[in-house]
Every structure is written in C-alpha cells, then in structure tokens.
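Working notes for the structure below.
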Amino acid sequence: MDKDGFAPDVDSFSFSAENRAEVERILGKYPADRKRSAVLPLLHLAQRQHGGWLPRAVLDHVAELLETPKIRVYEVASFYDMFNTEPTGRVQVRVCTTTPCWLRGSDEIVRACKDALGIEIGENTEDGRFFLREFECLGACCNAPMMWIDDHFYEDLDYGKAKEIVEAIMRGETPEPGPQSGRKGSEPLGQRTTLLEDEA
C-alpha cells in the first residue's frame with residue numbers, strides 16, 4: 001500500500017504464488033479454447049490481490065493469461081460496477097438502493113454506513129481502508145434491505161444492525177453473513193400463513 005493507504009499503480013503485475021494456484025483452478029473449469037470465459041473470476045481475484053482496484057497493468061496481465069485482446073478485458077472491467085479502475089479502499093461497502101431495498105429502508109442503511117465510516121457515498125475513509133458506494137440490485141430482494149461487504153451479503157438490515165456490522169468489520173471482525181433477522185435464507189418472516197397442519 002502507498003502512503004495514502006491505497007494500492008499503488010504498477011508498471012507490471014503477476015498473480016502471487018497462492019493466487020496462481022487459484023488461477024489454475026479457475027481455468028480448469030473452462031475448455032482450453034474457451035478460457036477467455038474466465039475473465040470475471042480472474043478480475044475478481046486480481047482486484048482482491050491488488051487492494052481493491054485494477055490498474056491497466058493488472059488488466060493487461062489477465063488478457064495475456066486468457067490469450068485475448070486487451071480491449072476485451074478493458075470492456076468487462078469498465079462495464080461491471082463491481083470492478084474499480086481507479087484507486088479505492090480495499091474494503092468495499094456496497095449498499096443496495098434499488099427499489100425493493102429502498103422500499104424496505106435502504107436510506108437508513110446508507111445513513112448507518114455513513115455514520116460508522118464518517119464518509120459520504122463515493123468516498124474513502126481517511127486511512128484508505130474502506131470505500132462506500134451505492135449499488136444496483138444484488139439479487140437478494142426478498143431479504144431487503146441489504147449490503148454487500150467483501151464476499152458477504154448482510155440482509156434484513158435496519159440502521160442499528162448495519163452500523164453494528166460495519167463497526168465490527170472496522171475492528172477486524174467478520175460478522176455472520178446472511179439474514180440478520182433470525183430467519184433462514186429467504187423463508188417468510190413471522191409464522192406460517194398456509195399449510196398449518198403437519199403431516200402425520
């Protein structure tokens with residue numbers, strides 16, 4: 001990390017020894033003549049290794065591994081919102097504000113994150129560790145409102161739960177992901193309203 005807390009821009013990049021093994025595992029999922037299909041998981045892996053963003057040298061390395069024109073990798077990295085082509089904090093705090101989450105109170109989740117981190121949407125914390133962003137639908141609408149931090153979804157949130165989760169992550173803890181309401185997965189909240197009799 002550089003003096004501002006961000007991963008530095010680089011002239012060259014290669015995957016670490018540990019990540020090279022993961023690259024091989026990922027590539028093994030695709031036929032040799034279709035390995036360019038691995039662009040998304042390789043970009044995720046590269047972004048994680050490089051501290052939360054993808055400079056051109058990283059994109060070029062992925063293109064070289066996949067034996068595909070660089071522009072194909074640039075297109076993917078610039079299209080998908082989960083990839084950052086400018087320096088950001090390593091820990092991405094993404095709050096879904098699409099309609100289902102908004103109707104269920106995502107404004108309060110945004111406020112909780114701002115209060116915990118001391119920053120606004122689109123800003124990094126002073127130490128460069130955290131970046132706060134609004135995000136489009138993350139596919140957990142029945143568990144709205146929710147946020148995505150690193151590899152974990154935190155669902156069924158309210159102001160207090162969201163703030164508690166972010167503060168725990170700031171302390172280096174990893175709160176239990178998933179619904180924060182006590183329900184399992186996407187089961188209905190409350191008691192059953194149909195099929196009330198158990199089978200004999």
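The values are calculated or read from the model by the stated rules, or taken from the named source; none is laboratory data. Everything quoted here is computed from the prediction, not taken from an experiment. Reconstructed Cβ throughout: ideal geometry from the backbone, glycine too, with neighbour counts over all protein chains shown.
Structural remarks
- In region 70-114, the residue that is farthest from residue 157 (Cα to Cα) out of those that are acidic (Asp, Glu) and either in contact with an Asp or Glu (Cβ under 7 Å, 6 or more places away or on another chain) or in contact (Cβ under 8 Å) with a residue 60 or more places away in the chain (or both) is 81.
So that you can scan it fast, the table gives a plain yes or no per residue for (1) within 21 Å of residue 151 (Cβ to Cβ); (2) free of Cβ contacts under 8 Å to residues at least 40 places away in the same chain:
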| residue | (1), (2) |
| --- | --- |
| 26 | yes, yes |
| 29 | yes, yes |
| 33 | no, yes |
| 39 | yes, yes |
| 46 | yes, yes |
| 55 | no, no |
| 58 | yes, no |
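- Within region 4-22, tally of residues that are outside any loop (DSSP other than H, G, I, E, B) and either of a type in the set (D, E, K, R) or more than 23 Å from residue 149 (Cα to Cα) (or both): 5
- Positions within region 72-120 being within 30 Å of residue 34 (Cα to Cα) and touching a Gly at 6+ places or on another chain (Cβ under 9 Å), in sequence order: 84
- Enumerated strands (runs of 3 or more DSSP E) restricted to region 75-173, each holding at least 1 residues that are aromatic (Phe, Trp, Tyr) and out of contact with any Lys or Arg (no Cβ under 9 Å at 6 or more places or on another chain): 152-155
- Only a single criterion out of (1) in contact with a His (Cβ under 9 Å, 6 or more places away or on another chain); (2) assigned to a helix (DSSP H, G or I) is not satisfied by residue 44, namely (1).
- Residue identified as more than 20 Å from residue 145 (Cα to Cα) and among the basic types (Lys, Arg) among 104, 90, 94, 111: 90
- Selected residue (criterion: modelled with the highest pLDDT) from residues of region 7-20 that are surrounded by 11 or more Cβ atoms within 10 Å (Cβ to Cβ) and among the aliphatic types (A, V, I, L, M): 10
- Taking the listed residues 40, 66, the one that is within 21 Å of the chain's Cα centre (by Cα), aliphatic (A, V, I, L, M) and either surrounded by fewer than 16 Cβ atoms within 10 Å (Cβ to Cβ) or over 26 Å from residue 140 (Cβ atoms) (or both) is 40, with no other qualifying.
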